[in-house]
Amino acid sequence: MSMIHSFHIPVMGLGFTVDSPLKVARFGIASVVSIMDDQLLEDMRRIHSRKLGIPFFPIEDKEPDSRAKRVKAYLNFLQSVVNGQIGKMRKEAFGEGNEIDNYFDLLPEEHPLNQLHSRMRQASGAEKWTLQEELRKEIVPGKIDVNIMTKVDKINYTKDGQALPREYSDALAALRGFAQSEVDGGVVFSAGMNPALYSYAGEFSDFFPDLDGIIKKPIILKVSDYRSALIQGKFLAKKGLWVSEFRIESGLNCGGHAFATDGFLAGPILESFKQNRAILQEELFSICQQALHEKNLPGLPEGIRPKVTYQGGIGTAAENQMLLHTYELDGTGWGSPFLLVPEATSVEKDTLDRLLKAKKSDFYLSRASPLGVPFNNLRTSSGEEQRKARIDKDRPGSPCYKKLLSSNTEFTEKPICTASRQYQLLKIKQREAGEISAEALEEVLDKDCLCEGLGAPAILASGETPRRNLKAVTICPGPNLAYFKGTFSLSEMVGHIYGKLQLNLDTERPHVFLKELELYVDHLKAEMAAAVPDNARKFENYVEKFRKNLSEGISYYQELKFMWSAENEKMLDKLKDQVAGLRWELEKV
């Protein structure tokens, strides 16, 4: 988390936040960069180097350890440019419209630096000069955090087909590039535990405390519930690796991949963190301190505790404040709304126009991801148009160049991607031979090339053409974006988060908790409707457990009287009736 702002901009796709630090870090705003696509990072370093007049020396594919080197080079580039922006800002004259004034104007009105800035504006003479110098010293950049999706970790091979050592896999190589870089930020591990990746972090000193107890590169875990946080936290602690932040994300009310829980809702999950936070801190501290002692490494400072933040579907300042105060959070994450802020993210004009014209029904949970995980998608994206056009031309699937999501060995010894043309044509042959059903084939044809589609917008927004002229964009907004209409300036969106102003949202937008509950009810209905379980009893037990967790979540929400308006209560009663009716629907499945 940035020490200046109480919110951060989470990672969005491969490209939507890939250069966000160049846009927002100088204002003290933390953002997260995906480092999974090294080719995209290399392209962005080239593009921005040329724009800024900085010499660019390419790192070729054939160069040994090129993936890690590209990650390192791009992160060093980002940090160097941001440092230069900060240095320039500190030298600026104060005055309306200057970036140095914008830095402090973006802060909440109750922030001490905002108040000091207001005092400076009213002062004169020597006092004004003294206050200005004090403010200059307080300017620090937002953190440049990176994201590694732990499931994206294929083994790589030499040109003659020999598997490279484990440390050259996609995730480990990306971690090595980050660890060896000079970037000031942490690494966000998302999508669950990867033991090899977590163990590899122990190879780098920056993940351990120094003699002053400072961890140069903090570890941040994106988690869906308390149990996951405890399990992963303990695994890392046993290796002397401290989790500096648990970033709780809604299972369904989020962008990108959706990792649904078994009906556990955001409110009860946040409550469990609040109630068990001291236990979590004490347990992880004891384990980690012992491991550091055994390694003869400096220990953690007494009183250190992991930060806890939440992201997913937040839409108003009131919701933001409710989350911060009710659950005693250290911060929040605002993702999808920033897709409508060109000053913060990279979304090219065509996709931006499609987002603005989209109906609520155009935002949906799809089967597009080759990982087999539900994926938030936009029905009207150019990526979806391209996918359908290829099917219509009897050329389904994508040419697979980057191979980041290659994990299927059904037909080949080396893993291939289920969105690739090679795989999908083989599945069509299976269908023609009567070996699979039409429904099974349709699910395969729903897969899309996320490597190209999620990376293209950053190149296009920069005025360039992606490699191989692959211009179709896949965008992965959360359902919350359907209620935001129009594009906004950075000042407007940040002001909306802090309650300085209120953006005009769709009047039908439900409370963040109720929207997630609605999504979970729909999710369970869809699973029940599609179910042809091999083990009917096991499936019935799963559905009943899911329904029970939803019912308990509703009971919890009914106790939160402070958050209810008459409209919210009406919606909650409706959802409660739907959950109660799922038992009857279960009997029909």
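Please verify whether segment 81-88 includes one or more residues that are charged (D, E, K, R) and surrounded by 15 or more Cβ atoms within 10 Å (Cβ to Cβ). No.
Selection of helices (runs of 4 or more DSSP H) fully inside segment 158-264 by the criterion of at least 2 residues being charged (D, E, K, R) and under 30 Å from Lys545 (Cα atoms) returns 226-237. The set of residues in segment 328-364 being buried (at least 21 other Cβ atoms within 10 Å of the Cβ) and part of a loop (DSSP other than H, G, I, E, B) consists of Trp334, Gly335, Val341, Ala344, Thr345, Ser346, Val347. Condition first: surrounded by 16 or more Cβ atoms within 10 Å (Cβ to Cβ), among the basic types (Lys, Arg) and under 21 Å from the mean Cα position of the chain (by Cα). Now tell me which residues in segment 187-243 satisfy that. Correct list: Lys217, Lys222. In this structure, Gln180 qualifies as out of contact with any strand residue (DSSP E or B) (no Cβ under 6 Å at 6 or more places or on another chain) and either crowded, with 16+ Cβ neighbours inside 10 Å or not β-branched (Val, Ile, Thr) (or both). Just so you know, in segment 464-497 the residues that are of a type in the set (D, E, K, R) and more than 18 Å from Gly15 (Cα to Cα) include one that is surrounded by the fewest Cβ atoms within 10 Å (Cβ to Cβ), and it is Lys485. Within segment 305-317, being aliphatic (A, V, I, L, M) and in contact with a His (Cβ under 9 Å, 6 or more places away or on another chain) holds for one residue alone: Ala317.
I'd like the full set of residues that are touching a strand residue (DSSP E or B) at 6+ places or on another chain (Cβ under 6 Å) and farther than 29 Å from Trp334 by Cα, limited to segment 262-314. Matches in segment 262-314: Pro298, Leu300. Exactly one residue among Gly142, Gly95 is surrounded by fewer than 13 Cβ atoms within 10 Å (Cβ to Cβ) and either within 27 Å of the chain's Cα centre (by Cα) or farther than 30 Å from Glu182 by Cβ (or both), and that residue is Gly95. Under the condition of being more than 23 Å from Gly256 (Cα to Cα), in contact with a Phe, Trp or Tyr (Cβ under 6 Å, 6 or more places away or on another chain) and of a type in the set (A, V, I, L, M), the residues counted in segment 148-183 number 2. Restricting Leu460, Leu441, Leu425 to residues that are surrounded by fewer than 16 Cβ atoms within 10 Å (Cβ to Cβ) and part of a helix (DSSP H, G or I) narrows the list to Leu425. Scanning segment 112-127 for residues that are of a type outside the set (S, T, N, Q) and in a loop (DSSP other than H, G, I, E, B) yields one hit, Ala123. Checked against (1) within 26 Å of Ile9 (Cα to Cα); (2) touching a residue at least 40 places away in the same chain (Cβ under 8 Å); (3) loosely packed, with under 15 Cβ neighbours inside 10 Å, Tyr157 meets all criteria but (1). Can you find a residue in segment 487-495 that is touching a strand residue (DSSP E or B) at 6+ places or on another chain (Cβ under 9 Å), among the aliphatic types (A, V, I, L, M) and part of a loop (DSSP other than H, G, I, E, B)? No, that holds for no residue. The condition of being out of contact with any His (no Cβ under 9 Å at 6 or more places or on another chain) and crowded, with 19+ Cβ neighbours inside 10 Å holds for only one of Lys538, Lys500, Lys525, Lys515, that being Lys515. Report, by residue number, each residue of segment 31-58 that is of a type in the set (Lys, Arg) and over 14 Å from Gly463 (Cβ atoms). Hit for segment 31-58 is Arg45, nothing else.
Computed from the coordinates by the stated procedures, all read-outs in this text should not be read as laboratory data. Quantities reported herein were computed from a predicted structural model and do not represent experimental measurements. Neighbour counts run over all protein chains shown; Cβ positions are idealised from the backbone, glycine included.
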